[in-house]
1. Looking at (1) assigned to a strand (DSSP E or B); (2) free of Cβ contacts under 8 Å to residues at least 40 places away in the same chain; (3) within 28 Å of the chain's Cα centre (by Cα), which one does Gly55 not meet, given that it meets all the others?
2. Restricting to segment 174-186, give me the number of residues that are in a helix (DSSP H, G or I), of a type in the set (A, V, I, L, M, F, W, C) and touching a Leu at 6+ places or on another chain (Cβ under 8 Å).
3. Name the strands (runs of 3 or more DSSP E) wholly inside segment 307-350 in which the number of residues that are charged (D, E, K, R) is 1 or more.
4. Got a number for residues in segment 8-30 being modelled with pLDDT of 95 or more and either of a type in the set (Gly, Ala, Ser) or part of a loop (DSSP other than H, G, I, E, B) (or both)?
5. Show the residue pairs meeting these rules: Cβ distance below 9 Å; 6+ apart or different chains; first residue within segment 441-461 and polar (S, T, N, Q); second residue surrounded by fewer than 18 Cβ atoms within 10 Å (Cβ to Cβ) and modelled with pLDDT under 90.
6. Can you pull out the residues in segment 159-173 that are more than 21 Å from the chain's Cα centre (by Cα), in a loop (DSSP other than H, G, I, E, B) and hydrophobic (A, V, I, L, M, F, W, C)?
7. Can you name every residue in segment 58-80 that is in contact (Cβ under 8 Å) with a residue 60 or more places away in the chain and either part of a helix (DSSP H, G or I) or not assigned by TED's automatic domain parsing to the domain that holds Thr48 (or both)?
8. Quickly run through segment 174-211 and pick out the residues that are within 18 Å of the chain's Cα centre (by Cα) and polar (S, T, N, Q).
Amino acid sequence: MTAPAPAVSLRHITRRFGPVVANDDVSLDLAPGEIHALVGENGAGKSTLVRVLYGLLQPDAGSIEVDGRTVRIHRPADAMRLGLGMVHQHFMLVGPLTVAENVTLAREPGAALGGFSPARAERAVAALAERHRLPVDPRARIASLSVGAQQRVEILKALYHGARVLILDEPTAVLTPHEVDDLFRVLRELQGNGTTIVLITHKLAEVMALAQRVTVMRAGRVVGGGPVASLTVERLAELMVGRPIPPLHARTGAPRSSEAPLLEVRMLDVSDERGLAAVKRVSFEVEAGEIVGIAGVEGNGQHELVECLAGLRPAVRGEILVAGRRCDACAPHAARERFAAGVAHIPSDRLHRGLVPDMTLAENFLLGRQRERTLVPGALLAPGALAALAAPRLAEYDVRPPGPARRARQRSGGNPQKRIAARELTRGAAVVLAAHPTRGVDLGAMAFIHQRLLRERDAGRAVLLVSSELSEILALSDRIFVMYEGRLVHETRPAETDERTLGLYMTGRQKEART
């Protein structure tokens with residue numbers, strides 16, 4: 001039996017950015033009604049390829065065929081007319097507008113007759129949502145919706161504009177396990193109705209669970225792939241990185257104990273930027289040689305908690321002790337005090353909190369140590385001492401290229417995160433605060449950072465890991481807390497729980513979690 005013609009074909013696509021070849025002679029076929037995963041490390045060329053397909057970029061060479069016909073896609077409007085839709089990782093929605101207004105934007109019911117009809121738009125969106133089992137209130141303001149609901153709106157918007165091929169870029173990055181389950185149900189139903197789906201993801205377990213075929217890219221080229229049933233997670237990881245990735249082996253024994261915990265937090269209250277309570281009466285301890293994970297949907301106080309512990313945000317009240325030393329929890333500018341007490345901090349916002357882009361890598365290594373006379377003997381830096389400090393650590397942490405004189409803004413992918421980890425994890429600090437340490441990094445950098453956090457734990461440090469990635473929390477943590485609406489609502493250990501149970505606590509469904 002002859003296979004159906006591809007819904008979309010990309011032929012010999014090449015796209016350059018100056019001397020960098022982001023896509024190098026890439027060819028790819030998307031079959032009708034399939035879920036096709038596109039995987040690869042950061043910088044592999046995945047996003048460039050789909051941006052070319054969606055008309056956000058123009059190729060330097062190659063062609064695109066839709067339903068067997070060669071087409072030119074100059075802009076997203078051309079892509080939408082051809083039945084291509086895209087759900088970006090960072091949603092392209094207008095917060096103050098309603099769901100119906102966002103979905104129908106640029107194709108509003110009644111616009112051709114000289115006026116927009118909100119009622120008609122709401123009815124159209126309600127019917128579309130019911131048809132595809134994507135529950136959402138057409139009259140709700142986007143700004144009031146959860147991340148999962150906003151993603152459903154993005155999918156509805158693409159379907160409303162006639163998408164027969166749907167591209168999703170890292171669609172589960174900020175979803176809870178239950179929202180991921182809902183998304184997978186929707187995607188399988190869309191596939192069953194004939195929609196072709198392109199899934200860009202770092203999560204190989206999702207590829208194995210959802211996709212029929214997979215294409216692996218590395219350094220701008222296609223390096224492998226095929227039917228998912230013929231591949232393993234280990235083989236996909238090796239294709240992505242170019243070498244075998246060792247499995248993550250977290251310690252299964254009891255954590256080491258010290259006479260006193262290295263980090264003690266007592267009845268801590270912290271406000272957000274609006275002055276509203278973000279952290280409410282939080283108390284916990286982290287012992288030497290222990291990783292304590294805090295899981296939670298973003299926006300439940302984790303950000304404010306970590307910033308307070310790092311001295312970047314004052315507490316309203318409460319106590320913080322580091323290695324038995326009492327810190328001033330309510331001081332407005334206490335980062336220097338926390339540094340001196342022995343706190344290392346890998347921030348979630350690496351670009352604004354972790355590095356100064358216009359400084360060199362060596363100068364960024366100096367941050368926090370700029371008062372040390374061996375590095376800054378007078379009014380001027382000591383370049384030789386800085387280079388001697390930074391170069392071996394950059395090499396150890398595989399920051400590419402490792403030249404200490406290069407500007408920090410020149411790094412991409414997982415390199416900024418590895419650079420921050422190299423600075424913070426080589427200080428010998430007693431306490432390590434790691435906030436979303438692998439967010440947005442590729443598989444190789446993720447495995448590397450995981451191993452370094454485990455090394456810190458095994459060296460007797462106290463590690464506080466904050467992450468929305470439950471697989472990361474379960475793999476690395478000795479104990480786990482769940483944070484919901486500013487409070488720690490659940491404590492457990494990895495062997496005593498699973499992603500589903502943690503997900504229920506994360507969404508405030510404690511009664512269901514206990515059954």
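1. Every listed condition holds for Gly55 apart from (1).
2. 3
3. By residue number, 317-322, 325-327.
4. Qualifying residue count, segment 8-30: 2.
5. Once the first residue is polar (S, T, N, Q) and sits in segment 441-461, its partners that are surrounded by fewer than 18 Cβ atoms within 10 Å (Cβ to Cβ) and modelled with pLDDT under 90 give Gln451/Pro246; Gln451/Leu248.
6. Once the filter is applied, which keeps residues that are more than 21 Å from the chain's Cα centre (by Cα), in a loop (DSSP other than H, G, I, E, B) and hydrophobic (A, V, I, L, M, F, W, C), segment 159-173 yields only Ala163.
7. Matches in segment 58-80: Met80 only.
8. Thr176, Thr201
The values are calculated or read from the model by the stated rules, or taken from the named source; none is laboratory data. This structure is a prediction, so every number in the text was calculated from the model and none was measured. Please note: Cβ atoms are built from the backbone with ideal geometry, for glycine as well, and neighbour counts cover all protein chains shown.
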